[in-house]
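The values are calculated or read from the model by the stated rules, or taken from the named source; none is laboratory data. Remember, it's a predicted structure, so these values are computed and weren't measured experimentally. Glycine also receives a Cβ, built like all others from the backbone with ideal geometry; neighbour counts cover every protein chain displayed. Surface accessibility is based on the protein's heavy atoms, side chains included, excluding ligands, DNA and RNA. Shrake-Rupley method; radii C 1.70, N 1.55, O 1.52, S 1.80 Å.
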Amino acid sequence: MKSLVRENDEILVNSAPKRLHIITFGCQMNEYDSQRMAQMLMDSYRLTPFPEEADLIIVNTCSIREKAEHKLYSLLGRLKGLKRTNPSLKIGVAGCVAQQLGKDLFERAPQVDFVMGPQGLYDLKRIVRCLEKGEERLLKTELNEDFDIPYIDVPLPRRGDVRAFVTIMQGCDNFCTYCIVPFVRGREISRPVDDILREIGSLVDQGVKDVTLLGQNVNSYGKKPSEGVDCPGLLKEIDRAFPGIRLRFTTSHPKDLSDRLIECFGRLGTLCEHLHLPVQSGSDRILKRMNRRYSRAEYLQKVEKLRSACPDMTITTDLIVGFPGETEEDFSQTMSLLEKVRFDQAFAFKFSERPGTAAARFPEKVAEDVKSRRLTKLLELQNQIGLEQYRRFEGRVCQVLVESSSREKLTARTRENHVVNLEGGSNLVGRLINVYIERACHHSLVGRILH
Ligand code: SAH
Ligand code: SF4
Ligand code: F3S
């Protein structure tokens, strides 16, 4: 759970009289959407990090796992109290839970004034105008297959951001059996190349130097014949137009990771040597039941190809433990895959049953204590591997991009996506500098500036 702006952020100053507080749950696509919402309202609302001084609060929600949904209800409970002290406060729920529950949210949380899904949020200005006229319980949750993602031509809500996200496609057509995303984000829709290039251009003008392209499945970007440019094609166009940036993309589905895309690593100067490639399980039996449409061997082969294109490449992943029917043998296959691939980082989750998905109807549920035990074992192994992987940078000189500073402490990032902590002045923010890596910690490196 994140506020779009924090206390010390330099918020784009405008003279708008009303105040807006946005809270974001979930993935980077939701963070991107929260920024768009702030931008859409920028001429009448200015952002505040404090919910208690807001006239409008928007909660952008995630329904990927049950826990995220629970957190939303406890937050809405707290926000209800604010309505008692400020009766004119309006509360909106956006994002994936909004899409999933629609008008039922008004019953479960009567303090909510409007509900809008991931496509509906582009109608935010009209919704807010209607609320201001006294209309109540506004709902916008249609999902259309031929939706065009609008271009929003307004500066970023925060000044001085060095990194930024650009959504290049929405939705997902894959229907992995555990996953709610295809139901709440709808079918895959790619944005036009020209919009993407224009948006990156505007970010670069605002000082952004590290751009991450976003989508639930970015490597199937432009897959409709009418769209013309595919993911490698898009990367090449961006690389040509903005040779000075660092470029990344996430998330990739292993089945759609083509040789042409792999070849982009090492060949395009802007493309950073990091790929997030969620494997989910190391067992073929479970991968099949998950409808992932690749085998363990195929996944390992792709990793090998990536590493031969780019030997120092960082590969990170997502894993699910306790999927229905997962036996000890299946789990040990996942553990052995971790040892084989040696990910720099892995995000592991206990399987969470999502309403309406195929896996919610699968028998052979795995008991909660078994899931917990497997998760702990997996994290223990990955922590050790991750640290060893990070140690490969000890004693090396790396070029890092400085992202932020706080009291002479800088946070920077390598091309391979490792966070580096070092000492230095705030004048270095936004600059590329060479650092000597002194030591590795869990999930970060400690460096020293080379003069
Ligand atoms: N589009 C991305 C993933 C998006 S969701 C992809 O295909 O890889 C992010 C991660 O949440 C997934 O990779 C998966 O590991 C996890 N996840 C999704 N549904 C889940 C569920 N029902 N229970 C537990 N974890 C889940
Ligand atoms: Fe979910 Fe699978 Fe689509 Fe990823 S590819 S969003 S895990 S259905
Ligand atoms: Fe969550 Fe929706 Fe993203 S379910 S992970 S916010 S696509």
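Label sites at residue 421 and residue 70, each approximated as a point 7 angstrom past Cα along Cα to Cβ, lie 3.0 nm apart. If R0 is 41 Å, the Cβ-Cβ spacing of residue 370 and residue 408 corresponds to a FRET efficiency of close to 0.30. Cross-link pairs exceeding 28 Å between alpha carbons, from the set 236/288; 224/255; 67/236; 140/236; 18/409; 103/365: 236/288; 67/236; 140/236; 18/409; 103/365. Accessible surface for the chain, divided over its residues, is 44 Å² per residue with a 1.4 Å probe.
Along the axis of the charge dipole computed for the chain (Cβ charges of +1 for Lys and Arg, -1 for Asp and Glu, origin at the Cα centre), the listed residues 228, 390, 171 are led at the positive end by 390. In terms of Cα to Cα distance under 13 Å, which aspartates and glutamates are near enough to residue 223, apart from those fewer than 8 places away along the same chain? Residue 223 reaches 173, 188, 256.
Each peptide in 358-370, 285-297 receives the mean, over its residues, of other Cβ atoms within 10 Å, and ordering these scores from highest gives 285-297, 358-370. Here nothing in the chain passes the span test, since no DSSP H helix has an alpha carbon length of 30 Å or more along the helix axis and a Kyte-Doolittle mean of 0.0 or above. Just round it to a whole percent: the fraction of Cα-Cα distances in the chain exceeding 29 Å. Taking all Cα-Cα pairs of the chain, the fraction more than 29 Å apart is 51 percent. Computed log10 I(q)/I(0) for the stretch 129-190 at 0.11, 0.12, 0.26 Å⁻¹: -0.46, -0.54, -1.05, from the Debye equation with unit scatterers placed on every C-alpha and solvent omitted. Computed over the chain, relative contact order equals 10 percent, with contacts defined as Cα pairs under 8 Å that lie 6+ residues apart. On the beta carbon distance between residue 175 and residue 108, with R0 = 30 Å, the FRET formula returns roughly 0.65. To the nearest 10 square angstrom, how much accessible area does residue 380 have with a 1.4 angstrom probe? Looks like 120 Å² after rounding. Can you give me the Rg/Rh ratio for the stretch 299-392, using Cα atoms for both radii and the Kirkwood formula for Rh? Expressed as Rg/Rh, it is 1.03.
Using a 1.4 Å probe on the protein chains only, how many percent of the accessible area of the chain belongs to carbon and sulfur? After summing per-atom areas, the C and S share lands at 49 percent. Can you grab the distance from the C-alpha centre of the stretch 151-169 to the C-alpha centre of the stretch 345-373, Å, no decimals? Centre-to-centre (Cα) distance: 35 Å. Please work out how much accessible surface residue 149 shows to a 1.4 Å probe, ignoring ligands, DNA and RNA, in Å² rounded to 10. Using a 1.4 Å probe on the heavy atoms, I get roughly 10 Å².
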